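The values are calculated or read from the model by the stated rules, or taken from the named source; none is laboratory data. Just so we're clear, the structure is a prediction, and the values are computed from it rather than from any experiment. Cβ sites come from the backbone with ideal geometry, for glycine too, and all protein chains shown count toward neighbours. Surface accessibility is based on the protein's heavy atoms, side chains included, excluding ligands, DNA and RNA. Shrake-Rupley method; radii C 1.70, N 1.55, O 1.52, S 1.80 Å.
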Amino acid sequence: MTSVPMVEQTAGKRAAESARRRRDRGGAQAPRPARVRGRKTGGFNRRPGFVTYGLLGAVVLGSALPILWSVLVASHDSTAIVKGVPLIPGGNFFANAATVLDTIPFWKALGNSILVSTVTAASVVIFSSLAGFAFAKLRFRGSKALLVFVVATMAVPTQLGVIPLFIVMSKLGWTGTMGAVIIPGLVTAFGVFWMTQYLQDALPDELIEAVRMDGANMWQAFWHVALPAARPAAAMLALFTFVATWTNFFWPFIVLNAQNPTLPVALQQLQSARFVDYSVVLAGVVLSTIPLLIVFAVAGRHLVAGIMQGAVKG
Amino acid sequence: MAVTVKPPAARTPVRRVGFSSRLARWDVKVSPYLYISPFFILFAIVGLFPLIYTGWVSLHNWNLIGGNLGFSGTENFTFVLSQPYFWNAVGNTFSIFLISAVPQIILAIGIAAVLDANLRAKTFWRMGVLVPYVVAPVAVGLIFGNVFADQSGAINGLLTSIGLDPVPWHSNTLASHVAIATMVDFRWTGYNALIFLAAMQAVPRDMYEAAILDGASRWRQFISVTVPMLRPTIIFVVITATIGGLQIFDEPRVFDAYGLGGADRQWQTLTMYIWELGWGQRNLGRASAVAWLLFVIIVLIAALNFLITRRIASQGGRK
């Protein structure tokens, strides 16, 4: 798994840090290290002990176990599962993966997923930054009411528009194309709300006024001041939109066909056969999950930061 | 999160007069609308229009292939409301939602409390908890479809190995709901735990100091300080979980190979029923009627949530 080098890396960093603080190294050897506050009172700066790490280890294991399980099953042939739960990986993964590639247009689906998620994320970020800048920092008639409208629409489930969208797409002859998947995702109310919230705090009004005094027009103020200030929030919004679009199923499932799917739609096809070969199905799951796991390994900390930040504001 | 804003190097400020100052005023007045217009135009096309159009379609006899076959009034609604499968789907949707949401929120708060400790390698633990979030619901459904398989599944294998009877995960209604709820919780518990963690870290530390001075144990602190302070966040999570949970489709759809929610529709949800009516039976009018009814249900629940929120918020708690 990709998390192994991460552990070492983070652990190393932590160790260096605690050495600097002249604390004991390695929590495992010292069960109750460095008590800052009283022990009976349970002060919150106290380093937690075995129990805490044990509980967390169990939770993280629970998070990883289903994924590890699919790797295990995917590495055996279908007869192995019937005999019992496989505990060690078998040697059949590449054969199963080959069956996946024969059964569904995997590479095409992968390409489609990358295309759809990238375009959607870029579009949401651009339009949300623009609208967020206007809502957060510019004064115009009706801005309050319009922002309330945006927030209210966040509660409207997008799925409810699926039937008319399908009718429109089939009339346009777009069913089966990536355009039909991309268009409904081009903007999100959440994105506008997110950028507005962020820019309200991150961008001082005085700064906008200052560059305006220097003769910059609104566009320059946006491009040279607001956008750089919005970069962290924009990056997180892009990441969230990317993940959400990548994992989206219902609408692509309705509007796409078996020849030209996104990854979740293609995955589902693996199972629709009369005889479900779970080794092959889970090989497909593994293959399709790897790309996002890589994205997560690289950018996961930002995803974490984004969730925690959005929660405080929301 | 603190952000340092770097102002751009001021470029030669040219004095503008006359025409250019009029242009600047025009710029101030019009550009805000220019910036918000892409969102509103696109939203009108892909969000608002479809919502209203769904209402239009629901009042017509509308075939997937043949298109609009004429006005039918409220016939679609009366038909759908008289269907046992509709009420079955309503029951299943609420059942799966409740079975998943209650343990999920309790678990998430518990995990957040553990993560709130002064941990080593904080980011690693947080990321570890979030891993399931990047697994697509369809993939989750396929994984757990295998884990909960009636004959060869890991859970039943475990049960029989310790001498218990295997559970019929696919034929028993409640068992299938538990299995699907497990999938939902797998994907979302860590995500919600991080939301709770953020709220916990926003609790002023002197409240704990005061509790400690009063001799409160850790558990007592958690119950009397942390949980009350989390109320607004709990409501936020409940509302988002409701909106998402009532629309659940992906996981139950792939729970078996046929995708209709079991032989007796044991786990067919409302969104699955919309799909069956619209794309299985090709009756988009009836499907739209169900879509509207689902919308009404969600709005009702949201309104209920809002009322409860107001009452709780007025009873104290920050924000």
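Things to note:
- Flag for residue B:293 being in a helix (DSSP H, G or I) and aliphatic (A, V, I, L, M): yes
- Filtering A:115, A:146, A:101 for residues that are of a type in the set (A, V, I, L, M), touching a residue at least 60 places away in the same chain (Cβ under 8 Å) and either within 11 Å of chain B (Cβ to nearest Cβ) or open to solvent by 30 Å² or more (accessible area, probe 1.4 Å) (or both) leaves a single hit, A:115.
- Of all residue pairs spaced 6 or more apart or on separate chains, those with beta-carbon atoms under 7 Å, a first member in segment B:46-61 that is in a helix (DSSP H, G or I) and a second member that is hydroxyl-bearing (Ser, Thr, Tyr) and open to solvent by less than 70 Å² (accessible area, probe 1.4 Å) are B:47/A:153; B:54/B:288; B:57/B:288; B:58/B:288.
- Search result, residues across segment B:206-229 that are touching a residue at least 40 places away in the same chain (Cβ under 8 Å) and more than 11 Å from chain A (Cβ to nearest Cβ): B:227, B:228, B:229
- The set of residues in segment A:127-142 being in a helix (DSSP H, G or I), open to solvent by 10 Å² or more (accessible area, probe 1.4 Å) and within 8 Å of chain B (Cβ to nearest Cβ) consists of A:127, A:130, A:135.
- Looking only at segment A:233-273, and only at residues there that are more than 9 Å from chain B (Cβ to nearest Cβ), assigned to a helix (DSSP H, G or I) and among the β-branched types (Val, Ile, Thr), the one that is nearest to the chain's Cα centre (by Cα): A:241
- Evaluation of residue A:298 against (1) within 14 Å of the chain's Cα centre (by Cα); (2) facing chain B (nearest Cβ under 10 Å) (one fails), failing number: (2)
- Per-region count, segment B:116-143, residues more than 7 Å from every other protein chain (Cβ to nearest Cβ), over 19 Å from the mean Cα position of the chain (by Cα) and in a helix (DSSP H, G or I): 1
- Residues of segment A:277-294 satisfying the condition of being more than 7 Å from every other protein chain (Cβ to nearest Cβ) and open to solvent by 10 Å² or more (accessible area, probe 1.4 Å): A:277, A:280, A:286, A:287, A:290, A:291, A:294
- Qualifying residues in segment B:239-265 (those that are under 16 Å from residue B:298 (Cβ atoms) and in contact with a Ser or Thr (Cβ under 9 Å, 6 or more places away or on another chain)) - the one most open to solvent (accessible area, probe 1.4 Å): B:239
- Residue within segment B:254-270 that is assigned to a helix (DSSP H, G or I), under 20 Å from residue B:186 (Cβ atoms) and facing another protein chain (nearest Cβ under 8 Å) present: no
- Candidates in segment A:177-206 are the residues that are more than 18 Å from residue A:120 (Cβ to Cβ) and open to solvent by less than 30 Å² (accessible area, probe 1.4 Å); of these, the one that is nearest to the other protein chains (Cβ to nearest Cβ) is A:202.
- Listed conditions (1) of a type in the set (Val, Ile, Thr); (2) at the interface with chain A (Cβ under 10 Å from one of its Cβ atoms); (3) touching a Phe, Trp or Tyr at 6+ places or on another chain (Cβ under 9 Å) are all met by residue B:299, apart from (3).
- Set B:21, B:31, B:37: member being polar (S, T, N, Q), loosely packed, with under 14 Cβ neighbours inside 10 Å and without any contact (Cβ under 8 Å) to a residue 40 or more places away in the chain: B:21
- Against the test of being more than 7 Å from chain A (Cβ to nearest Cβ), open to solvent by less than 20 Å² (accessible area, probe 1.4 Å), out of contact with any Pro (no Cβ under 7 Å at 6 or more places or on another chain) and over 29 Å from residue B:240 (Cα atoms), the options B:163, B:153 yield a single qualifying residue, B:153.
- Verdict on residue A:212 being in a loop (DSSP other than H, G, I, E, B), among the basic types (Lys, Arg), at pLDDT below 90 and open to solvent by 30 Å² or more (accessible area, probe 1.4 Å): no
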